[in-house]
1. What number of residues in region A:203-229 are more than 8 Å from chain B (Cβ to nearest Cβ), surrounded by 13 or more Cβ atoms within 10 Å (Cβ to Cβ) and small (Gly, Ala, Ser)?
2. Within region A:179-189, does at least one residue satisfy the condition of being surrounded by fewer than 17 Cβ atoms within 10 Å (Cβ to Cβ) and at pLDDT below 95?
3. Can you find a residue in region B:260-279 that is in contact with a strand residue (DSSP E or B) (Cβ under 6 Å, 6 or more places away or on another chain), farther than 22 Å from A:Thr123 by Cβ, within 8 Å of another protein chain (Cβ to nearest Cβ) and modelled with pLDDT of 95 or more?
4. Is at least one residue of region B:12-33 modelled with pLDDT of 95 or more, surrounded by fewer than 24 Cβ atoms within 10 Å (Cβ to Cβ) and more than 21 Å from the chain's Cα centre (by Cα)?
5. Would you check which residues across region A:160-180 are among the hydroxyl-bearing types (Ser, Thr, Tyr) and under 28 Å from B:Arg194 (Cα atoms) and list them?
6. From the list A:Asp161, A:Asp82, A:Asp114, exactly one residue is at pLDDT below 95 and on the phi < 0 side of the Ramachandran plot. Which is it?
7. Step by step: first the residues of region B:71-91, then only those that are crowded, with 23+ Cβ neighbours inside 10 Å and among the small types (Gly, Ala, Ser), then the one that is farthest from the other protein chains (Cβ to nearest Cβ). Which residue is that?
8. So which residues in region A:230-261 are closer than 16 Å to B:Tyr260 by Cα, within 7 Å of chain B (Cβ to nearest Cβ) and not aliphatic (A, V, I, L, M)?
Amino acid sequence: MSLRIVVCVKYVPDATGDRHFAEDLTVDRDDVDGLLSELDEYAVEQALQIAEEADDAEITVLTVGPEDAKDALRKALSMGADKAVHVEDDDLHGTDALGTSLVLAKAVEHIGYDLVISGMASTDGGMGVVPAMLAERLGVPQVTLLSEVAVADGKVTGRRDGDAASEQLEASLPAVVSVTDQSGEARYPSFKGIMAAKKKPVQTLDLSDLGIEAEEVGLEGSWTKVDEAAERPARTAGTVVKDEGEGGKQLAAFLAERKFV
Amino acid sequence: MAEVLVYVDHVDGAVRKPTLELLTLARRIGEPVAVHLGANAEEAAKVLGEYGAVKVLAADAAEFADYLVAPKVDALQAAFEAVSPAAVLVPSSAEGKEIAARLAVRIGSGIITDAVDLEAGDEGPVASQSVFAASYTTKSRVTKGTPVITVKPNSAAPEAAPAAGTVEQLAVTFGEKSTGTKVVSRTPRESTGRPELTEAAIVVSGGRGVGGAENFPLIESLADSLGAAVGASRAAVDAGWYPHTNQVGQTGKSVSPQLYIAAGISGAIQHRAGMQTSKTIVAINKDAEAPIFELVDYGVVGDLFTVVPQLTEEIKSRKG
């Protein structure tokens, strides 16, 4: 039987751009270029490698987001994923991590899966909690923050490098996996891949297709509220000296003045 | 007074500093009740009590070490049900965030991660977060259920406030689905003897300018002269010069020490995201145009191979 892999990806504002909040204190996604979150490219890459090892596998790339989020799906398809599912609904605006994990869980179940793969965190919100939430909601093993991953004989194995120890993990499929940026460089889409992606199917689903009520998601349905967002004042310009042979000593004097020495 | 659950991060009963910071913050909201999973709860309770824990709910079981994350969620949920707290605070480690995330789903509560400060508010605790590579500070609240909040290290100075710290056994039943991910083996990291990166008061980091793994001892010597932790930029880590566990930046650790010294680091957004909230920032870089100099309190434009050793020697001689 075919190994059904669903890769969850996010369309995020470019981290090298000037990111802001919109008036309703959600992330401004209009005034800054968006793209497939860099950390999700690693998830697509590992899905492709697992699929290449398997006799028969199908990779569906899944995203929840506005119209433009299709760009992130196209990128993943051009890397080699087989098909895409886009959950798009005006009522999703302002959805927090709990809401997002609910939508993803319903969508993953709708698609059908043996393995769900995601990145370690998004590069905008950056909470890093959605994979664990997804495992909790789906009621399947959580095999997260892997820097190495393999699938064989209905099992997923991998290495999780923590601060205190490096752990070897093992779980039976179906399971939810997340991979870190240490899992292996993501491939660039080939010209052939980019052309082929244009013909690959992208299915659009809305909340009613997934049996989710509008009140469960969006800014109103959010479990958290941002009351204030203030731009951090620019750091006041400090002293910059050119080393004329005494740079190290000058720096030591500064540190002593600030009582670090 | 309302009780606040504090999840204890410890190594065999030795309580780690972020937990003491959590207890200190918890007292702004209510009475801290610590949740200690694993061995040596009695030993931990002495420290937890000293920093304000009125009670220590303790549970020890093989499942905590043998399976990933989920058994700890079962235990924290059991503590939640036993106490009905006003909030649940968890250290913002990778594992802490996952435990908090699953608990939030189970108890139907909102979650805030990576808080850098916490205050009591009329409508529940208000958490400050530093977002978009620390270019914004937000204040948020949980609006549904019991606030589950993970707090970053160095968010508060631990203050002693002696309380009873009475140990009570916590009964935990593990769900069938909580033993799905087996920890087959565990290789502890070798200790460097230096402070933990995210907890350190001073961090010294090296980047591309260090030029190779063989030159990192230069950074380490400077760090050791200050009792600091060692960090590295993504460029240095990707080049294989220093371990990923020491990476400071968006895809590595986010640090907020009293003093951050960047040597040979240009200061790309990727790196700034992980260190911009440091109190004092110092940089050494040969490129006067490097963006890192926009952040510094003190910068030296020069060759790190001469500036860093001179700095190290000068610090040593000043310290005598």
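The values are calculated or read from the model by the stated rules, or taken from the named source; none is laboratory data. A quick note: this is a predicted structure, and the numbers were derived from the prediction, not measured. Cβ coordinates were reconstructed from backbone atoms using ideal geometry, including for glycine residues, and neighbour counts include every protein chain displayed.
1. Final tally of qualifying residues: 3.
2. If we filter region A:179-189 for residues that are surrounded by fewer than 17 Cβ atoms within 10 Å (Cβ to Cβ), which is where we start, we get A:184-185, A:187-188.
Going one step further and asking which of them are at pLDDT below 95, we end up with A:184-185.
Yes: one or more hits.
3. no
4. Yes: one or more hits.
5. Keep residues of region A:160-180 that are among the hydroxyl-bearing types (Ser, Thr, Tyr), which gives A:166, A:172, A:178, A:180.
Across region A:160-180, the qualifying residues are A:Ser166, A:Thr180.
6. On the way: A:Asp82 fails: at pLDDT below 95; A:Asp114 fails: at pLDDT below 95.
The conditions single out A:Asp161.
7. B:Ala79
8. A:Arg235, A:Gly238, A:Thr239, A:Gly248, A:Phe254, A:Arg258, A:Phe260
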